[in-house]
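This report concerns only the one structure given below.
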Amino acid sequence: MNCRFCKTPLTHQIINLGQTPLANGYLHTLADAKNEQRYPLQLYRCGECQLVQLEYDVTPEQIFNQHYAFLSSSSATWQSHCAAYAAEMQQRLGAKQVNLIVEVGANDGTLLGKLRPLSTHLLGIDPASAATQLATAKNIPVITDFFTTGLAKSMRAEGKLADVIVANNVLAHVPKINDFVEGLSMLLQPEGIITVEFPYLPNIIEQTQFDTIYHEHYFYFSVSVLQRVFARYGLAIYDLQPLEIHGGSLRIFVKHYSNASLALQPIVDAYIQKEQKAGLHTIAYYQALQDRAQQIKHAFTTWLQEVLEQGKKVMAYGAAAKGNTFLNYCGVNATQIHAIADVTPEKQGKFLPGSHIPIVSPEAIAQAKPDYLLILAWNYKKEINPKLAYTGAWGCQLVYFIPQFEVYQASGLYVP
Ligand code: JHZ
């Protein structure tokens, strides 16, 4: 396969996670398991432009359709992240007249809802209809479709140009990256701002967050590479902010190069220098990831076997997409972990892809009284640990394997 950006053949493999089903492909019934498809999950780095990407394309239509189960509204941490973003943009925009804010990958409208006071018009674009129906119910105008240059052109033809385009956790999700970024450039007012958020590649590599790798994440970005991608379409990254969300993300701010008010902030160059120094442009930087993932797999499967042999009951918590990469890479099934609890009503009653573990509501935890809860949504540790403190009443322990092995009890952290 060729690099999706520069078309050079991909030859440098970083990690092979085997064949897995789609991470958001929750099964409605166990009978659906017989039709479950698996696809190669292998991460490569382009030797020419350095873009880190998957080697195999599952089509976006297979992933982002009416069955796509992820909803932005399911975490309080994400809700406050969106509120903080709105405050940040309010400050940056100041007294500027904002006529249209477009969010690409708007999902259920959680973020756009918070941006209502900032703009006369809002518009969400997202192909996942179960999510966009929820946005519509909140009176947020949405186009249920993929964002492409075709769509950008027709919006331009109707005189719709955006003052702000928000693209949070969506740039990595679009295999046709050239078409997508060209579309952003077309849709943006000459003076407009694009903001993009994504899990930052050095965190994924250095903290062995291998579970962030799954088919809907076609790309894993650094600043150096993204700067080249945007430059091809007359866009420049002029500022950025590190964020705690999703295990360590970046928010980049982008404008047209031709924008007279483009003030390049030193932090952008500082990040590029840091990436250069760390060796992101060398294959050596990525080489240990496979071994480290293998070590985590070994530690986890050994632990699981030991506690099951002791007769302990293990449940999981947080049916995150990333959890499915983890469980499927580790070869876990529903005889080992009998259920997973999740707050998302749309996921409850379904089964995890691959492992076929049933998803239950969090109320089921108190009934089952497990000895261990394996936390798969580890990125929300600060929200989840206090929420599950009540499980300490029967001595339940909260166990994390990513980014490192940790065990918590209601009484606080201890290392066994
Ligand atoms: P969460 C998502 O990945 C999807 P996922 C997407 N592909 C993306 O790009 C990344 O984010 C960045 C549940 N939960 O958000 C809710 C509880 O049950 O980490 C969710 O099902 N109780 C667009 O799916 C899951 O955990 C809680 O208290 O890996 C979290 O999924 C909390 C906080 C969450 O993302």
Members of the stretch 381-409 found to be of a type in the set (Ser, Thr, Tyr), surrounded by fewer than 20 Cβ atoms within 10 Å (Cβ to Cβ) and under 27 Å from PRO199 (Cβ atoms), listed by number: TYR400
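Table: residues versus (1) part of a helix (DSSP H, G or I); (2) in contact with a helix residue (DSSP H, G or I) (Cβ under 7 Å, 6 or more places away or on another chain); (3) on the phi > 0 side of the Ramachandran plot; (4) away from the ligand (no atom under 16 Å from the Cβ).
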{"position": "HIS246", "(1), (2), (3), (4)": "yes, yes, yes, no"}
{"position": "ALA260", "(1), (2), (3), (4)": "no, no, no, yes"}
{"position": "ASP269", "(1), (2), (3), (4)": "yes, no, no, yes"}
{"position": "ILE272", "(1), (2), (3), (4)": "yes, yes, no, yes"}
Residues located in the stretch 156-191, provided they are surrounded by fewer than 23 Cβ atoms within 10 Å (Cβ to Cβ), more than 16 Å from the ligand (Cβ to nearest atom) and in contact (Cβ under 8 Å) with a residue 40 or more places away in the chain: LYS160, LEU161, ASP163, LYS176, ASN178, GLU182, SER185, PRO190, GLU191
Residue in the stretch 205-216 that is surrounded by the fewest Cβ atoms within 10 Å (Cβ to Cβ), counting only those that are within 13 Å of the ligand (Cβ to nearest atom) and in a helix (DSSP H, G or I): THR212
Where VAL307 falls short, out of the listed (1) without any contact (Cβ under 8 Å) to a residue 60 or more places away in the chain; (2) in a helix (DSSP H, G or I); (3) farther than 30 Å from HIS12 by Cα: (1)
PRO362 being within 15 Å of the ligand (Cβ to nearest atom) and at pLDDT below 95: no
Residue tally, condition free of Cβ contacts under 8 Å to residues at least 40 places away in the same chain, farther than 23 Å from GLN91 by Cα and buried (at least 17 other Cβ atoms within 10 Å of the Cβ), over the stretch 112-139: 3
Residue match in the stretch 50-69 (condition: away from the ligand (no atom under 15 Å from the Cβ), part of a helix (DSSP H, G or I) and touching a Lys or Arg at 6+ places or on another chain (Cβ under 7 Å)): no
Restricting the stretch 192-204 to residues that are of a type in the set (A, V, I, L, M) and out of contact with any Lys or Arg (no Cβ under 9 Å at 6 or more places or on another chain), the residue that is surrounded by the most Cβ atoms within 10 Å (Cβ to Cβ): LEU201
Sole exception among (1) in a helix (DSSP H, G or I); (2) away from the ligand (no atom under 12 Å from the Cβ); (3) touching a residue at least 24 places away in the same chain (Cβ under 8 Å); (4) polar (S, T, N, Q) for GLN336, by number: (1)
Lone qualifier among PHE253, PHE300 - being at pLDDT 95 or above, under 20 Å from the mean Cα position of the chain (by Cα) and away from the ligand (no atom under 16 Å from the Cβ): PHE253
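The values are calculated or read from the model by the stated rules, or taken from the named source; none is laboratory data. Since we're looking at a predicted model, the values are computed, not measured. So basically every Cβ, Gly included, is an ideal-geometry build from the backbone, and we count neighbours across all protein chains shown.
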